[in-house]
1. Can A:Leu6 be described as within 14 Å of chain B (Cβ to nearest Cβ) and under 24 Å from A:Pro249 (Cβ atoms)?
2. Looking for whichever is within 14 Å of chain A (Cβ to nearest Cβ) and touching a Phe, Trp or Tyr at 6+ places or on another chain (Cβ under 9 Å) here; the options are B:Leu207, B:Leu240. Which one fits?
3. Which of the residues belonging to the range B:25-58 are outside any helix (DSSP H, G or I) and among the small types (Gly, Ala, Ser)?
4. For the range B:59-82, which positions are assigned to a loop (DSSP other than H, G, I, E, B) and either surrounded by 19 or more Cβ atoms within 10 Å (Cβ to Cβ) or within 13 Å of chain A (Cβ to nearest Cβ) (or both)?
5. Test each condition in (1) more than 30 Å from A:Leu5 (Cα to Cα); (2) touching a strand residue (DSSP E or B) at 6+ places or on another chain (Cβ under 8 Å) for B:Ala140 and report the one that comes out false.
6. How many residues are more than 19 Å from B:Ala203 (Cβ to Cβ), of a type outside the set (S, T, N, Q) and assigned to a strand (DSSP E or B) when one looks only at the range B:91-114?
7. Using beta carbons and a limit of 8 Å, which pairs, at least six apart or on different chains, have the first residue in the range B:176-188 and away from every other protein chain (no Cβ under 13 Å) and the second one in a loop (DSSP other than H, G, I, E, B) and surrounded by 12 or more Cβ atoms within 10 Å (Cβ to Cβ)?
8. Take the residues of the range A:83-109 that are touching a helix residue (DSSP H, G or I) at 6+ places or on another chain (Cβ under 6 Å) and free of Cβ contacts under 8 Å to residues at least 60 places away in the same chain: which is surrounded by the most Cβ atoms within 10 Å (Cβ to Cβ)?
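The values are calculated or read from the model by the stated rules, or taken from the named source; none is laboratory data. Every value quoted in this text rests on a predicted model; they were computed, and no experiment measured them. Positions of Cβ are generated from backbone atoms using ideal geometry, with glycine treated the same way; all protein chains shown enter the neighbour counts.
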There are 2 protein chains.
Amino acid sequence: MNIALLISYDGTHFSGWQIQKNGRTVQGTLEEALHRAFGIRVRVTGSGRTDAGVHAAGQVCNFPFGESVKIAPEKIADALNALLPADVKVLASAPVADSFDACRSAKKKTYRYAVYFSRREHPLLERYAARFGAVPDFTAMRQCADLLEGEHDFSAFSATGSSVKTTVRTVYSIGLTPRLGGRGVDVDVCGSGFLYNMVRIMAGALLDCGTGKLSLSAVREALAAGDRERLGKTMPAKGLTLLSVQYDPPLFAGEYRE
Amino acid sequence: MNIALLISYDGTHFSGWQIQKNGRTVQGTLEEALHRAFGIRVRVTGSGRTDAGVHAAGQVCNFPFGESVKIAPEKIADALNALLPADVKVLASAPVADSFDACRSAKKKTYRYAVYFSRREHPLLERYAARFGAVPDFTAMRQCADLLEGEHDFSAFSATGSSVKTTVRTVYSIGLTPRLGGRGVDVDVCGSGFLYNMVRIMAGALLDCGTGKLSLSAVREALAAGDRERLGKTMPAKGLTLLSVQYDPPLFAGEYRE
């Protein structure tokens, strides 16, 4: 049986999703819990990797579950949660078609980049958001977002050194939601897929447009030239959260809403 | 010179506000930073104590600052922040009248109790909110809140064993704000002052009214009889945040908005 899990994790103390020899990873922690709970050694396939420090509210993964294990699929979540640490939990578990692959079957992903505007650190905001020292103009940010929506070669918005077949991606929408009474913003980016560090570089460019440090034409030119150097810095991992992964037909729809 | 500080802390790893022999406290951490930064040994007066695990977005405190120390009052925040750990920071510093006492001068305080409704733990919500296993009815919660607003003897809403002159307090308002698309609620309580565990017991009673576990008449009777036993359990500390302390004239108004 093929089982899918909807999981959430606080990335603060994880060296990212992907299992590695040294370092505590989400994938490794899940595989260890599956071994302890059901005595199975399986590879858990995630919808995609998340970097060290990146959070997930609705990551999806799947794994082959032996027919010999007798448990109702929806109870797998509770069995794993009893063994998982507090910073990664299963929100739901369900049987899926044999052909389902959390990575290859994914149609869209939505990431949130959370920012608060302050000259000084706020301990209650620091864990899940990045601090930005100025208050950006929302209209300028919106104009930059409009520029980035759609199908583009996003190589300018990719960390150097990453090797992928194509750097063309479709960004379906970029939502800018004011938070904290105008003293913060949630940047929600829904796309077909994302290049390495893409959302974190986009968030930085949006904010720099908001303060006038970066012009719209400079963003347009960077996008056309595929020139990472013309854009600002990559924003820190902690502000990034994988909100949800969309499949067709929908999987775990309604299980998590921010 | 009398200096007031607006501070914020993540209470997770503090044994509360009040200094104690063993245990890491907010007051002790601030006093130590003042000693290291300015060589002064002073007592920091908070607007009130917060318990172990309780957070603060806008706690206010004051301390006597020697005339011999040469620093602009508004720069004290930065000097302290350079020495303070990540979980407690000064958001603003300002000179205040000699008669100002963060505790005795306080007119109103606003606390937030944050709850999310879920059968399973969500790692990204656990740190600053309490989990409640059912979805309460907001109308019933509102009716209970209406009952609790106003001037009452709140001894039924106080942990047993606390000794205070009077258990009469005025609750100016109880705001119920749906969160997470209806899967959570922020309970904002503004009052003249609060008894020990008062907001945490109120939050529990509001939720129990919302599920029908507690009737409005039972709350009315408990309030009249001053009977703590008739109300439900005290909700966990981590869901509670001291949002702000109000003074007349206003102090640090606009420095923090949730």
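1. yes
2. B:Leu240
3. Matches in the range B:25-58: B:Gly39, B:Gly46, B:Ser47, B:Gly48, B:Ala52, B:Gly53, B:Ala56, B:Ala57, B:Gly58.
4. Scanning the range B:59-82 gives B:Phe65, B:Ala82.
5. (2)
6. Summing the residues that are more than 19 Å from B:Ala203 (Cβ to Cβ), of a type outside the set (S, T, N, Q) and assigned to a strand (DSSP E or B) in the range B:91-114 gives 5.
7. What qualifies is B:Val185/B:Pro136.
8. Looking at residues that are touching a helix residue (DSSP H, G or I) at 6+ places or on another chain (Cβ under 6 Å) and free of Cβ contacts under 8 Å to residues at least 60 places away in the same chain, I get A:Leu84.
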